[in-house]
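To keep things clear, I will list the structure first and then write my remarks on it.
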Amino acid sequence: MAIDPKYGKVTLEHGSIGEDEPVIVFRATDKLLPKVLAYYHMFCIREGSPRRHLNIILNARDIVVEWQSTHETRVPNSQNSRDWMD
């Protein structure tokens, strides 16, 4: 299990993340996510990430773009995060 500062505990079906390892969750409703993934892809290329990892990023971007084409997106905010509730 991992912990996202905004969403809390994150569970995984595949792989493992340390119980105390911070993670960040990006949702497809975030209209900036395709750009984030494009930049991440570029950074991974520059660092020499293997083709398989690069393909996973591109595939994720394609899935997000397709989803966004038929769903409402929004400007990112943290209005509903737990930090704001405290």
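Over the alpha-carbon set of the chain, divide Rg by the Kirkwood Rh and report the Rg/Rh ratio to two decimals.
Radius of gyration relative to Kirkwood radius: 1.00.
On a straight-distance basis, which aspartates and glutamates could pair with Lys35 in a cross-link, Cα separation under 19 angstrom, same-chain partners fewer than 8 positions away excluded?
Glu47, Asp62, Glu66, Glu72
Residue by residue through the range 34-43, what is 3J(HN,Hα) from phi via Karplus (6.51 cos²θ - 1.76 cosθ + 1.60, θ = phi - 60°)? Round to whole Hz and write x for glycine and proline.
Once θ is set to phi - 60°, the couplings for the range 34-43 become x, 5, 4, 5, 5, 5, 4, 4, 4, 4 Hz.
Taking amide H atoms as placed 1.01 Å from N in the peptide plane, list the residues 5 or more away in sequence, or in a different chain, whose amide H sits under 5 Å from that of Ile3.
Counting only residues 5 or more places away or on other chains, the set is Val10, Glu21, Val23.
Sort 64-70, 43-49, 28-34 by the packing proxy (mean of other Cβ within 10 Å over each peptide's residues), most packed first.
Details: 64-70: 12.4, 43-49: 10.7, 28-34: 15.7.
Output ranking for 64-70, 43-49, 28-34: 28-34, 64-70, 43-49.
For Cα pairs less than 8 Å apart in space and 6+ apart in sequence, what is the mean separation divided by the residue count of the chain, i.e. the relative contact order in percent?
32
Using Cβ contacts closer than 10 Å as the measure, can you line up Arg74, Arg61 from fewest to most?
Arg74, Arg61
Each value in this text was obtained by applying a stated rule to the coordinates, not by laboratory testing. In this text the structure is predicted, and so the values were computed from the model without any measurement. For neighbour counting, all protein chains shown are included, and Cβ atoms are generated from backbone atoms with ideal geometry for every residue, glycine included.
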